[in-house]
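What follows is calculated from the coordinates using simple rules that are stated; it is not laboratory data. Quick caveat: nothing in here was measured; it's all calculated off a predicted structure. For neighbour counting, all protein chains shown are included, and Cβ atoms are generated from backbone atoms with ideal geometry for every residue, glycine included.
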């Protein structure tokens, strides 16, 4: 089994070197891995850093197109049997990939998500921030809507860690260019009959003052529209 780890990147000069080291150093036992980095038109020093990286496939977008477009480029330029998405910041620790892969290896699942939402906010530090709380409860709401519309309980639809077989997306028409990639791929996987297994993970949430790019109101509204849209459309 070969795993393609797709890393969309946009202006992550502070974190991209460290996250790539973590991913490249990750040992997955008998799983072969390839790392595909898609720089989505960065304007900081990200590209200069990527030029120094070995053992990874680096693809450059001439201009910023959005996370969904970068992930789609990564999928098109990868060859693994399975695909997982890794954000370029340090919010998600690659060590959890082993936990997500285990149900696949055991034959218990074909699609696995890493859920961050099996707990309530700690209400301290960044988690006291109004923007964080809006994002947290907005995600809980969107996950509930996903569960109702598509008939399967999902606790964290917006998670970055989505592990799925190439065969599930090889003929899937993915339209999203931005963060609406998350609801689109979830909706289409569920409509095609894939059961999503969720594995608890812990994350180190990045603050908006540290470069977090998701806008809760704008991107949440797009996510809701896409969930409703793809319930009807393919």
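What the table below lists for this structure:
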quantity	calculated
Compactness of segment 6-97 - radius of gyration and Dmax, Cα, Å	12.3, 38
Normalised per residue, the volume of the convex hull around the Cα set of the chain (Å³)	118 Å³
Where labels lie 7 Å past Cα in the beta-carbon direction, separation of residue 232 and residue 77 in nm	3.7 nm
For the chain, calculated [θ]222 nm from helices alone, where every DSSP H run of n ≥ 4 adds -39500 (n - 2.57)	-11000 deg cm²/dmol
Segment residue 215-residue 137, length gained on full extension (0.36 nm per residue, minus Cα span)	26.7 nm
Square roots of five times the Cα gyration tensor eigenvalues for segment 135-188, Å	20, 13, 10
Residue exposure sequence - 116, 17 - by fewest surrounding Cβ within 10 Å	17, 116
Cβ crowding within 10 Å averaged over residues, with 86-94, 2-10 ranked highest first	2-10, 86-94
Spin-label pair residue 195/residue 24, simplified geometry with 7 Å Cα→Cβ offset, distance in nm	4.0 nm
Packing-based order for 21-33, 219-231, using average beta carbon neighbours within 10 Å, highest first	219-231, 21-33
Share of alpha-carbon pairs per 10 Å distance bin for segment 1-49, given as whole %	25, 49, 21, 5
